1. With the Cα gyration tensor of chain B in hand, give its eigenvalues times 5 under a square root as the equivalent ellipsoid semi-axes, listed largest first in whole angstrom.
2. Can you tell me the length gained on complete extension of the stretch residue A:52 to residue A:96, counting 0.36 nm per residue apart and subtracting the Cα distance?
3. Ignoring ligands, DNA and RNA and using a 1.4 Å probe, state the total buried accessible area between A and B in Å², rounded to the nearest 100.
4. Less than 16 Å apart at the alpha-carbon level, and either on another chain or at least 8 residues along: which lysines does that give for residue A:71?
5. Quick one, what does Rg over Rh come out to for the protein assembly as shown if you take C-alpha atoms and the Kirkwood Rh?
6. Which net charge results for the neighbourhood of residue A:63, defined as the other residues with beta-carbon distances under 12 angstrom from its beta-carbon, given Lys and Arg at +1 and Asp and Glu at -1?
7. Which GluC sites (Glu not before Pro) in region B:14-113 sit in a loop by DSSP (not H, G, I, E or B) and have at most 11 other Cβ atoms within 10 Å of their own Cβ?
8. Averaged over its residues, how many other protein chain Cβ atoms are within 10 Å of peptide B:37-43's Cβ atoms?
Amino acid sequence: DTAVSQTPKYLVTQMGNDKSIKCEQNLGHDTMYWYKQDSKKFLKIMFSYNNKELIINETVPNRFSPKSPDKAHLNLHINSLELGDSAVYFCASSQVYGRDQPQHFGDGTRLSIL
Amino acid sequence: SQELEQSPQSLIVQEGKNLTINCTSSKTLYGLYWYKQKYGEGLIFLMMLQKGGEEKSHEKITAKLDEKKQQSSLHITASQPSHAGIYLCGAAKTQGGSEKLVFGKGTKLTVNP
């Protein structure tokens, strides 16, 4: 059973389009995250939600809008895609919110902008 | 801001050799995490260290956090091709009342059979 699952795994689209990435966790965790990993493999947090409430918004352009319909899901919608959005996006979850909580990651969504 | 420096950036070893990866912080670490990433996959949680001098082992991988809690090392004994991947250290950081995880830039490990 996949603990943190993201769809799609690959996403190829044209500049200017709007796209969504879905994330679901079946671990019963309270906190979910979105990370972006750039071409140099540098991983950086974008958003964090705790029990459906936004906790962290790491100065991400407002073209990126996370939505958490319930605590098991955290989706990422991106408007007006730009070339610089090409990256791997990872969803993660942790049991509760706090510094001593290991995060469990999905396999990533590879977004390529043409 | 807290930055995590990992060294080396990449490492190529022969199967069976031991190796060490280091992660250094400019500030005291409150929760140091080690993850492994394989190509096309997500990050796999390896270990979490919190106390100065703490050491944890899982199979052939041992991670340590120094007494000052500013440096951690990951040691692999008798490396195997299955150990290949990118190893990332992450540290808990408090900013604006929020907790988040910041990562080093990773160490790419290649193990030649």
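The values are calculated or read from the model by the stated rules, or taken from the named source; none is laboratory data. Keep in mind that this is a model prediction, so the values were computed, not measured. Methodologically, a virtual Cβ is constructed for each residue, glycine included, from the backbone with ideal geometry; neighbour enumeration extends over all protein chains shown. Note: areas computed on protein heavy atoms with side chains; ligands, DNA, RNA excluded. Shrake-Rupley method; radii C 1.70, N 1.55, O 1.52, S 1.80 Å.
1. Details: eigenvalues 118, 44, 27 Å².
Semi-axes, largest first: 24, 15, 12 Å.
2. Answer, rounded to one decimal: 14.6 nm.
3. Values: alone 6600 and 6590 Å², together 11190 Å².
Separately minus together, A and B give about 2000 Å² buried.
4. A:22, A:52
5. Working: Rg = 17.5 Å, Rh = 18.1 Å.
Ratio value, two decimals: 0.97.
6. Details: positive: A:19; negative: A:18, A:82, A:85.
Result for the local shell: -2.
7. B:59, B:67
8. Working: counts 7, 1, 0, 6, 4, 14, 11.
Average neighbour count from other chains, rounded to a whole number: 6.
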